[in-house]
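Single-structure report; data block below.
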């Protein structure tokens, strides 16, 4: 017997990336200045993205075990992929910050490569750009979760379900 373990792994990444997005977008550092928000953001983002990859891989196997509207499942999968790409871009920016500070100036003697890494890092960690990406990630992960809820519980579980399906042109 094959079990669908996707629901076991999907909730933590959603919660962690949701919280990360709120911390990133809203001005928490303005009101709580003694908190090391950068460390909290990196921790939430790292664990959330890792969990998202696990949830995605279990979702691939779950896709073959269910018999619901394929269009709905594909749209859920598409929004999950968009979420992962957006949050991976943010994580890449944080990783490049660490790499460019720790390794690039001293260890690598490749000026064009170093400049490219620094350029990408500056774009991905730009305060406004990263807030926009985090906000888009929040929307994408919310839509992913809502579509997952529709797959499991149907359209009656959430009042936003029917308008979202209409907006995405999904017919059940």
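The values are calculated or read from the model by the stated rules, or taken from the named source; none is laboratory data. Nothing here was measured: the structure is a model prediction, and the numbers come from that model. Virtual Cβ from ideal backbone geometry, glycine too; neighbours counted across all protein chains shown.
State yes or no: is residue 65 closer than 22 Å to residue 79 by Cα and at pLDDT below 85? Yes; evaluated as a whole, the condition is true for this residue.
When residue 68 is tested against the conditions (1) farther than 18 Å from residue 124 by Cα; (2) surrounded by 18 or more Cβ atoms within 10 Å (Cβ to Cβ), the lone failure is (2).
Which of the residues belonging to the stretch 17-59 are within 11 Å of the chain's Cα centre (by Cα), surrounded by fewer than 19 Cβ atoms within 10 Å (Cβ to Cβ) and touching a residue at least 40 places away in the same chain (Cβ under 8 Å)? Residues satisfying the conditions are 18, 46.
Looking across the stretch 96-119 at every residue that is touching a helix residue (DSSP H, G or I) at 6+ places or on another chain (Cβ under 6 Å) and closer than 23 Å to residue 46 by Cα, the one that is modelled with the highest pLDDT is identified as 96. Remark: pairs (first residue in the stretch 133-159, free of Cβ contacts under 8 Å to residues at least 40 places away in the same chain; second residue in a helix (DSSP H, G or I) and surrounded by fewer than 15 Cβ atoms within 10 Å (Cβ to Cβ); Cβ separation under 6 Å; 6+ apart in sequence or on different chains) = 149/157; 155/162. Select from the stretch 144-161 the residues that are more than 16 Å from residue 7 (Cα to Cα) and in contact with a helix residue (DSSP H, G or I) (Cβ under 8 Å, 6 or more places away or on another chain) and write down the one among them that is surrounded by the fewest Cβ atoms within 10 Å (Cβ to Cβ). This residue is 157.
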